[in-house]
1. Test of understanding: extend the Cα→C-beta vector of Ala613 to 7 Å, then name every residue of region 321-344 with backbone N under 17 Å from that spot.
2. Between the alpha-carbon centers of region 648-689 and region 215-247, tell me the distance in whole angstrom.
3. What is the calculated FRET efficiency for Arg497 to Val551, with r their C-beta to C-beta distance and R₀ = 22 Å, to the nearest 0.05?
4. Can you tell me the FRET efficiency between Ser461 and Tyr660 if r is taken as the Cβ-Cβ distance and R0 is 41 Å, rounded to the nearest 0.05?
5. With a Cα-only, solvent-free Debye model of region 417-490, what are the log10 I(q)/I(0) values at q = 0.19, 0.21, 0.23 Å⁻¹?
6. How far apart, in nanometres, would the label points at Met723 and Val307 be if each is projected 7 angstrom from Cα along the Cα-to-Cβ direction?
7. Scattering from the C-alpha atoms of region 63-191 alone, worked out with Debye: what is log10 I(q)/I(0) at q = 0.20, 0.21 1/Å?
8. Along the Cα-to-C-beta direction of Ala196, a point sits 7 Å from the Cα; which residues of region 221-243 have their amide N less than 17 Å from that point?
Amino acid sequence: MAGTLGLYLPWALSPGATHAAVASSAALPPQPSLQDPTRDGSTVSSGGELSQVTVNGVRTLLHDKLAESEQTAPQSITVVTGKLMAAQGTTNLEDALRNVPGITLNAGEGAARGDTVNLRGFSAFNDFFLDGIRDAAVYTRDDFDLQSVEVLKGPAAVLFGRGSTGGAINQVSKAPLPTAFENVTTELGSNDLYRATADLDTQIGSTAAVRLNLMGQSSAVAERDAVRNRRWGVAPSVAFGIGEGDSLVLAYLHQQEDNIPDTGVPFVDGHPAPVPRNAFFGLASDTATTDVDIFTARYRHDFSDAVSLDDTLRYGRYQFNYQFESPNFGDDPPTATTALTDVLVGRDAPDSSGVATNLDDQLDLTAHFQTGWIAHTLVAGIEVARQTAEIDRYRNPFDSANDRVLETPLLDPDPNEPRPAEPVTSIQDTVAPSGGAYVIDTLAFGRYVSLTGGFRYDDFSARYKSLTPQNGLLLRLHELNRLGSPRASLVIKPTPRQIYYFSFGTSFDPSAEALTLTTQTADLGPVKARSFEAGAKSEWLNGGLMLTQAVFRTEVDNAQTNDPDNPTITVLNGNERVDGVELQAIGHLTRRWEIVSGYTYLDGRTLASGTFADVGKLMPNTAHHQLNLWTEYDLPAGWEVGAGGNWLSHRFADGAETAYVPGYVVCNAMVSYDASPRLGLQLNAYDIFNKLYYDGVYYASPAENHIIPGAGRSVTLTLHWKM
């Protein structure tokens, strides 16, 4: 009922009726909001209306590169706040992203490991950002140091350069605050979860503070017996000149993980294999380790109330080692007539290790000025970066030596087989310097109409070399991309609490986007996308509830595909298109009742391809329907209850619609109690009805594929200490 109310309020109430409807509740004391971006207990104002809370993260994109808020930006945006993540008990970024309509999860393979998702039907593996700077790396991002997560939908090359076909995901780090607090959280879960975090802030002057975030976790995955997750992290930061005309924030993040990864179950005859939920086709000796170090320095100077300059410097080093087995069937995959008791599963070994670095500096200028009766908000910037990747790839005897590890029965896999060491077969080294400059001007023609125009020019190149140790063969490849990316939008504001907009944006994806090249892709130009979106945003219930509606089309008319006359050659003759609708309802229905919900309809299809079986078919891992809902209600005496879940309709794992992934509904719930001003208890239940569902998908062929079962039912008890 809550979701229905949230989605249909614009048609049920007029603005005048809305104000009258909440008049009786406006006198109630305000409640903390799930849209409050802090985890340190910040609340809304004490006035009659719900008010926005200033985000205190290191660098948000809203009011920065966009120079606009979530409510006024002419595109679909979802902000997952720290308070919402805490209420849901999330511990990593992918779980936080379940609140974002239009996102589906992929399963890592090849160069894509760690967090890997689709956004509006297109891969967003390289579209993760941390404080506005690219964070494309193969690790599982914990949320212990995140203030919020901003998801901007639609191509955004004018903001970020390459990538962002479906959108961009920006993580906002916590920053020091001019107030002292000490928050410690401990969590125990039925899935062998042991987790502790600390968030400590100390003032060291009237405008300076130090903040320290700590995290340690060890956990299993409910009903995935062999899978283990272990990680720890530390994130100190210091800020000077808080609230002053000159300010400096220095932040450091270190995170390590040592996991037994989940490689899922194989597809059999186009469906996830009908095996027990805890069936594990990897080996107990599998390992996935990462070691991440990220240093950020951000300086801001206000020349006046109208002009400011920001410089953000980042150095990141990402080390990884993935040694694990994935299920495969070699050259004889089972068919519909194969008895399941006769099916043997081989092991694929897509192992790699290496280190990636990113040195990036972004200089941004924001200026507000008038030219006659036109008000301008000008945002301009320059970015210079250098990324490197040194990767060792190991021998993967797929289908050539399935006896290296004994094949295992499909219905009773054995994870305790010995794992032989494989030699390094390729040493890859990539250096990718890049530079970009952009300018975006928003022109306000009075209070009712504004027009935004923007353009970015990028120079991205990559020098790639690969050495084969066995024969000394050295391959050198080079790619160069120089192109511009436009953006335009029109916004109409008939009242202060509603806007209507139309926007256009572009993106481009070079072949070396993931810092790797092949002889088939090195000479290809970038894949280009364009997107059109029309939408409306409105505030209801005295400004407490925001509703957004959008329709959009994103099209890639030169996607990489096989040459139909020579499948060994890659050409840019593919055409992919996604048409969609997105609805969101976020805010308070009453003073005590809050809702965060979103729905997307996606129709993503391959219109042209060198693989004729894909033409006219749905794009992989793109569901027609997706609904995310979370709602909370404040009860008297310090109690609060919450519930919600996710609905995802069926989708296909491959482009030819031969591998089917069933849809699902998963329900979660929460109850919390403030036992004292310093102690809070929270109980979260996940997948309450123990629904078997499937999350991440990887599908290369009927022989090489896997899909990750979602975690089973689990319960977590959390203790919050405020000192």
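1. 329-337
2. Comparing the Cα centres of region 648-689 and region 215-247, I get a distance of 22 Å.
3. On the way: r = 21 Å, r/R0 = 0.97.
Efficiency computed from Cβ-Cβ geometry: 0.55.
4. Details: r = 41 Å, r/R0 = 1.01.
The pair Ser461/Tyr660 has a calculated efficiency of 0.50.
5. These q points yield log10 I(q)/I(0) values of -0.87, -0.93, -0.99.
6. 4.8 nm
7. Log10 I(q)/I(0), no solvent term: -1.24, -1.34.
8. So the set is 230-235.
Just so you know, all these numbers are worked out from the coordinates, no wet-lab data involved. In this text, all values refer to a predicted model and were calculated from it rather than measured experimentally. Backbone-built Cβ (ideal geometry, glycine too); neighbour counts: all protein chains shown.
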